[in-house]
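Worksheet: the structure to be examined is printed underneath.
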Amino acid sequence: MSDAPEVNGAVVTPLRVVIALCLVAPFVAMLWVGSYAKTDPVLAGIPFFYWYQMLWVLLSTLLTMVAYKLWQRDQRSRAARKGGASR
């Protein structure tokens, strides 16, 4: 068996923890309203409250893309260890 701990039949690896953090970070940032419920600093005339949220739209896209690429890499390495064909 592998050295990584299993949770409900799934193997928990550092790579999977990074994937989870990439996917959870936008939710935490948006649900913690107190951290961005203000008007200053203003960026190009747009209050902080609005541009911070729009920034997270872009960051969420990037983090989801990173998580997807890491997931593909994880699946390929698992398939290679098991002797299966990789996609």
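From the list L23, L55, L31, which one is open to solvent by 60 Å² or more (accessible area, probe 1.4 Å), touching a residue at least 24 places away in the same chain (Cβ under 8 Å) and aliphatic (A, V, I, L, M)?
L23
Mind listing just one residue for me: the one in the range 10-20 that is surrounded by 14 or more Cβ atoms within 10 Å (Cβ to Cβ) and over 16 Å from V66 (Cα atoms) and, of those, modelled with the highest pLDDT?
Looking at residues that are surrounded by 14 or more Cβ atoms within 10 Å (Cβ to Cβ) and over 16 Å from V66 (Cα atoms), I get T13.
Given the options A37, A4, name the one that is on the phi < 0 side of the Ramachandran plot, touching a Ser or Thr at 6+ places or on another chain (Cβ under 6 Å) and modelled with pLDDT under 95.
A4
So that you can scan it fast, the table gives a plain yes or no per residue for (1) of a type in the set (F, W, Y); (2) assigned to a helix (DSSP H, G or I):
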position: V17; (1), (2): no, yes
position: A20; (1), (2): no, yes
position: V24; (1), (2): no, yes
position: F27; (1), (2): yes, yes
position: M30; (1), (2): no, yes
position: G34; (1), (2): no, yes
position: A37; (1), (2): no, no
position: P41; (1), (2): no, no
position: Y50; (1), (2): yes, yes
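The values are calculated or read from the model by the stated rules, or taken from the named source; none is laboratory data. Please read all numbers here as calculations on a predicted model, not as lab measurements. Reconstructed Cβ throughout: ideal geometry from the backbone, glycine too, with neighbour counts over all protein chains shown. Accessible surface areas use protein heavy atoms only, side chains included; no ligands, DNA or RNA. Shrake-Rupley method; radii C 1.70, N 1.55, O 1.52, S 1.80 Å.
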